[in-house]
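J.: Below: one structure in structure tokens.
The values are calculated or read from the model by the stated rules, or taken from the named source; none is laboratory data. Bear in mind the structure is a predicted one, so any value in this text is a computation, not a measurement. Reconstructed Cβ throughout: ideal geometry from the backbone, glycine too, with neighbour counts over all protein chains shown.
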Amino acid sequence: MPIGRVGRPHGLDGAFVVEHASDDDRRWQVGASLHVDGAPATIEVSRRVGSGRRAIRLDRPVERGAELTVERSELPSPEPDTYYAFQLVGLVVVDEGRDPLGRVIAVHPGAANDNLELEDGRLVPLIEDAVRSVDLEGRTIVVDRGFLG
């Protein structure tokens, strides 16, 4: 699972700013393991820099733009009725009459709420009134058709 991307260098000690850094501070602790473009690495230095951004140094050199990831198995279980975005991508969206509306191709963050993007480009706001239920095992999301954008 992506947790950030190698950004510009920060300081003279080999650290870099993490772009699109995960908000989970446990990911950035000294000694934490992660993957850089699929290869394992360990965090040696971690600090907050301007505007609260995260800067880290790893146990090996990395290229700017490289993706920082962790294994899905390392993610904590979400709270009840909450989901990771990756869990929703690919699910079939149906209306309350079970008529198919399409598959989720992306989850977009928003200022007020996130939105599910269906394969035809329509958006469904991730709010309680619009999303009636999510069944991960059944691979379906039931929505109120009136909220399709």
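J.: Considering only the range 13-26, how many residues are modelled with pLDDT under 90 and either more than 14 Å from the chain's Cα centre (by Cα) or outside any loop (DSSP other than H, G, I, E, B) (or both)?
T.: Of all residues in the range 13-26, those modelled with pLDDT under 90 come to 22-26.
Subsequent filtering for residues that are either more than 14 Å from the chain's Cα centre (by Cα) or outside any loop (DSSP other than H, G, I, E, B) (or both) retains 25-26.
Matching residues across the range 13-26 total 2.
J.: Taking the condition touching a residue at least 12 places away in the same chain (Cβ under 8 Å), under 25 Å from Ser73 (Cβ atoms) and out of contact with any Leu (no Cβ under 6 Å at 6 or more places or on another chain), does Leu118 pass? Outline the logic, then answer.
T.: On the way: touching a residue at least 12 places away in the same chain (Cβ under 8 Å): yes; under 25 Å from Ser73 (Cβ atoms): no; out of contact with any Leu (no Cβ under 6 Å at 6 or more places or on another chain): yes.
Taking the combined requirement at face value, the residue does not satisfy it.
J.: Can you name the residue in the range 85-115 that is charged (D, E, K, R) and outside any loop (DSSP other than H, G, I, E, B) and is also nearest to Leu75 (Cα to Cα) among such residues?
T.: Going through the range 85-115, the residues charged (D, E, K, R) turn out to be 95-96, 98-99, 103, 114.
If we keep only those that are outside any loop (DSSP other than H, G, I, E, B) too, we end up with 95, 103.
Numbers: Asp95: 31, Arg103: 24 Å.
Once the filter is applied, the top-ranked residue is Arg103.
J.: Just to be sure I understand the filter: pairs with C-beta atoms under 7 Å, separated by 6 or more residues or on different chains, first member in the range 75-92 and farther than 10 Å from Val104 by Cβ, second member surrounded by 15 or more Cβ atoms within 10 Å (Cβ to Cβ) and at pLDDT 85 or above. Which pairs pass?
T.: Tyr83/Val134
J.: For Glu44, which of the numbered conditions (1) over 30 Å from Gly121 (Cβ atoms); (2) within 18 Å of the chain's Cα centre (by Cα); (3) surrounded by 12 or more Cβ atoms within 10 Å (Cβ to Cβ) fails to hold?
T.: (2)
J.: Looking at this structure, is Asp81 farther than 26 Å from Arg5 by Cβ, in contact with a Leu (Cβ under 9 Å, 6 or more places away or on another chain) and of a type outside the set (Val, Ile, Thr)?
T.: no
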